């Protein structure tokens, strides 16, 4: 048979089992946390009608999209989860209860130039809350509170959710008589972290044509910083001049107060006037999330409030608030930086049961008993030498081996071997299960089970 | 803004939230059960190099595949999970521990003619165990034992896993001097359920050119039926004439005995000599699974033993055994037949917390307390009339509403309303959580929580 050299396309993440187990655990944390806040799972097709997916159009998107013909159909792979959500809500509008809260953790596709840490197929993990006509400000605090829980679940603590409100920015530019240029200004100011204050000033003057006084007012404004209370107090000084600004400040104060009620510590969220988000789509609260020890990575979770989710598909005002984690990239970065939670399991089983008799029936029964206690148990049925069986257990990284020979069967026991320490004890099946679980929970073994 | 009519492509399943929740619960049962037997999750790309995906070639596959160019690349969407597994094992051979046990629950793509109950994008839920050179027969009993657990987890009881061994069939045809025609014969016999005994006989005589005596021997052989012990006893009468047959019978007996050791009741598995599987790929044990009250659906879970997983990609003998559930189709059929487990949750939350005061902080805190007990709690922050809030709770189908007004806050309690019975009680937050959980577990509410 001719052999074709196997390969996986570049820009597509394909993990070995140990890492995949950790990735899956992160997805489970996402699903469980999102569900605990009453979000319903959503699963839309990977392939959509290209006309529908590209209703909004736009340059970068169209260049990157995977688009192809099948028969007479003009098809494309989804490039985010927001456009499919908009389609879904418009299509099923009358069947949904609003506010409609959904999460979706799915792959999306962008045919970007492949480079380190950039993926053409990657998971996004999104939550959105969509209102019918109206949506309460409370939701704008709940979204980052959920993200806080997710990141804590990932084992991270040095992260910060940065919050701003575009009405404050627009209102401020309104005061300066620069309302029409506010989009251009925000896109420029958004580059502050990357290019620095001086270059932003130059761009504001030369590219956008502001006066020096205007540029300085803006730079002074976005330089407002400090504890959340200090920033909010400084913003009070600008009130009474623009209705939009005052509304934005009231919203930002409500979000800040409610975030505290949700139990998010002040160290994990910050009011940050430099956050604007590049998209014109957002209209109120906006979020970015940074890893404090790795600012160079940029935002790992972003989103905000929008007023018109599905205007391309339905003639109804559907405001919403949402946030998206670029999960594949986040996993790649955490792995590279050694920040993956060591408590995430990386072995496919908690214990490997080794039959030491010819008849496998007693070992089968033992494995079933251990499994019933909730442990992940692999039965090893291959006819190999003991040493090879141990080598296999070590390669898998299982924390325990459970041996069952004639002696153990006669005594109604089994021998549990800690693969980390080499320690071996003879126990009844029920005690063996307790012993393994206790060790896993205490972390006294190469791999820790998270329940 | 011009409005584009939203639609989802035909042949692509897109569920409303209540059904999606049930589908997700089935996926969770699959993941948990597969993991409890020590299978590692695998996630391969949806897009692969077309040359690699089509290494085996073959008519139907090539016609149905989604294949397209992107830049210079000839790409295709995976049409099953076996070819990507073969590629993965060949590519990562030296990093894997054998036997390599993996599960994958992922979407696959086949551009078939769309028709009711046929999908172009559908989930497969596969498990495979791959050996390096050798693989013990024990694995061939474990695979159907796991499927038994999965189907029980789905809430099904009237199903049967039918088991056969191709060595028995090939050995039998060998005895009749029909070894070379065994593939054709098996493909014909496989149609027995669909076209009946007489038509199979006609095909054996006319299409395959057997003598009447040969056809009758075959029909007599495959008519062997009864309890598993009876079938195995009848097969003993054929031993001693073909080494292959004798080997197959020994394997079938081992699988049958071990399936009993795994705790699979005899009513849920049957030795069935008519099972052959259409693919030439299988070499030993083969499986099909039927819903006893719906034989017309055909097999909902099939697989078997193969000797050469990845011969197109690597020069190593990699035998394996695997099985695949066509999950999207199974869900569609169960839903249509009213067989979806009523214990599967269909509301996105166990309770809806309704703040009845202007300040939402006490309700936020209450929701967090209830969530910490493991309940799924949605906080409803919209400024609506009480009646509208109740209408929303009813539309979502949440079993409980939790009301928090000034009185409750003063007393340190909350009011829990059973949305099914209308009954309302005032309880402390801890008691409320117990009350809700107890009711959910007892099924005293519209929706039952499965833990």
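Only Cα pairs under 8 Å and 6+ residues apart enter the sum, and on that basis the relative contact order of chain B stands at 16 percent. Between 0 and 90 degrees, the angle of helix A:82-91 with respect to the longest Cα principal axis of chain A falls at about 80 degrees. Reducing region B:216-286 and region A:371-442 to their Cα centroids gives an inter-centroid distance of 33 Å. Of all DSSP bridge pairs formed entirely within region B:351-442, close to 50 percent run antiparallel. A straight chain from residue B:72 to residue B:113 at 0.36 nm per residue would run longer than the Cα-Cα distance by 11.9 nm. All distinct Cα pairs of region B:89-179 go into the 1/r average, and the inverse of that average, the Kirkwood radius, is 17.0 Å.
Given 37 °C and 0.692 mPa s, how large is the Stokes-Einstein diffusion coefficient of region B:17-336 in µm²/s, with Rh as the Kirkwood radius over Cα pairs? For the chosen part, D equals 158 µm²/s. In region B:351-442, the ratio of gyration radius to Kirkwood radius, Rg to Rh, stands at 0.92 when only Cα atoms are counted. Rounded to 0.05, the FRET efficiency of the residue A:56 and residue A:205 pair, given R0 = 30 Å and the Cβ-Cβ distance, is 0.40.
Shown for residue A:179: label points 7 Å from Cα along the beta-carbon vector, and their distances to the equivalent points in the other copies, 9.0 nm in ascending order. Evaluated at q = 0.11, 0.21 Å⁻¹, a Debye calculation over the C-alpha positions of region B:1-75 (equal weights, vacuum) places log10 I(q)/I(0) at -0.59, -1.03. Relative contact order for region A:265-316: 29 percent, from Cα pairs under 8 Å spaced at least 6 residues apart, divided by residue count. By the Kirkwood approach, averaging reciprocal distances over each pair of separate Cα atoms, region A:159-292 gets a hydrodynamic radius of 15.1 Å. Distance between the modelled labels on residue B:426 and residue A:430, one decimal in nanometres: 4.5 nm (7 Å Cα→Cβ projection). I'd like the antiparallel share, as a percent to the nearest 5, of DSSP beta bridges with both residues in region A:1-150. Within region A:1-150, antiparallel bridges account for around 85 percent of the total. When the alpha carbon gyration tensor of the protein assembly as shown is reduced to an equivalent ellipsoid, its three semi-axes come out at 54, 31, 27 angstrom, largest first. Measuring from a point 7 Å past the Cα of residue A:316 along Cα-to-C-beta, which residues in region A:90-113 have an amide N at less than 20 Å? The answer is A:90-104.
Normalised by 2.2 N^0.38 Å, where N is the number of residues, the C-alpha radius of gyration of region B:199-244 stands at 1.36.
Residue-normalised convex hull volume from the C-alpha trace of region A:25-153: 142 Å³ per residue. Between the Cα long axis of helix A:361-372 and the first principal axis of chain A there is an angle of about 30°, rounded to the nearest 10. Sorting B:301, B:372 by the number of Cβ atoms found within 10 Å of their own Cβ, with the fewest placed first, yields B:372, B:301.
Helical runs (DSSP H, four residues minimum) scored at -39500 (n - 2.57) apiece and divided by the length of chain B put the mean residue ellipticity at 222 nm at -12000 deg cm²/dmol. Angle of helix A:212-222 to the longest C-alpha principal axis of chain A, folded into 0 to 90 degrees and rounded to 10: 30°.
Distances from residue B:116 to itself in the other copies, using label points 7 Å out along the Cα-Cβ axis, amount to 5.7 nm in increasing order. Normalising the average separation of contacting C-alpha pairs (under 8 angstrom, six or more residues apart) by the number of residues puts the relative contact order of region B:299-451 at 21 percent.
Closest approach of any chain A Cβ to the axis that rotates A onto B belongs to A:68, 2, distance given in whole Å. Histogrammed with a bin width of 10 Å, the alpha carbon distances of region B:229-308 distribute as 15, 47, 34, 5 percent, first bin at zero. Distances between copies at residue B:410, taken between label points 7 Å from Cα along the C-beta direction, are 7.6 nm in increasing order.
Bear in mind that the values in this text are calculations on the coordinates, not laboratory data. Owing to the predicted nature of the structure, the values given are computational and were not obtained by experimental measurement. Quick reminder, even Gly has a Cβ in these numbers, built from the backbone with ideal geometry, and neighbours come from all protein chains shown.
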